[in-house]
2 protein chains.
Amino acid sequence: MAVEQLSEEERDSWLRALPKWLSCRDGAAIERKFEFSDFSEAFSFMTRVAMIAETRDHHPEWFNVYNRVEITLTTHDAGGLSLRDVKMARKIDALLA
Amino acid sequence: MAVEQLSEEERDSWLRALPKWLSCRDGAAIERKFEFSDFSEAFSFMTRVAMIAETRDHHPEWFNVYNRVEITLTTHDAGGLSLRDVKMARKIDALLA
């Protein structure tokens, strides 16, 4: 199934619903930075995100150092942001809700 | 216990014993890139590294996307590379030996 890139209008609309995520790479990706109390907490969160990623077969680009995690979502197959990223962002947000 | 930065001589000597790690940040860190068959394998490896990191209370800076993992080791307390990084690199290498 082909994954379609969001139009600019759709992207802006979705981003308003995801206030903790920032548009980056000229609108081709979104990113969110997280801060936890320590590495154990940060990596536990990453493990939960990894489960979501594997289940959805949609994987983040991410960076971690100690208590900080930075997640970037984009859809390589679509050459930019797709609904898959938006859904993934919502799932990630829900982990911390 | 204070952690001492390695001298240039010590660093060069240790790096010869860690051929898969490259010096970076003007000698203040070392990095190694890993490639696995898929995300599941990459994240399993990361989980094992996380256990080592937590046990030693020495944490990597690392990046992952799908099957790729990039690990950078440095000792912030020492303002550069220390024996803790070397030992950690050896432990990580041993996971894949």
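Every number in this text was worked out from the coordinates using simple rules, so none of it is lab data. Everything quoted here is computed from the prediction, not taken from an experiment. Quick reminder, even Gly has a Cβ in these numbers, built from the backbone with ideal geometry, and neighbours come from all protein chains shown.
Data table
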item: Highest-MSF residue in chain A out of A:Val65, A:Val86, A:Val49 [GNM, Cα springs under 10 Å]; result: A:Val65
item: Dipole of the stretch B:5-97 [Lys/Arg +1, Asp/Glu -1 at C-beta], most positive-end residue of B:Ser37, B:Cys24, B:Ala89; result: B:Ser37
item: Out-of-range pairs (alpha-carbon distance over 24 Å; input B:Lys20/B:Lys91; A:Lys91/B:Lys33; A:Lys33/B:Lys20); result: A:Lys91/B:Lys33; A:Lys33/B:Lys20
item: Cα gyration tensor of the protein assembly as shown - equivalent ellipsoid semi-axes, whole Å, descending; result: 35, 17, 15
item: Average other protein chain Cβ within 10 Å of Cβ, residues B:36-42; result: 2
item: Under 13 Å, Cβ to Cβ, from B:Pro19 - net charge with Lys/Arg +1 and Asp/Glu -1; result: +2
item: With 10 Å bins from 0: P(r) over the stretch A:1-84, alpha-carbon pairs, percent; result: 17, 45, 31, 7, 0
item: Efficiency of FRET from Cβ geometry, B:Asp77 and B:Glu9, R₀ 22 Å, rounded to 0.05; result: 0.55
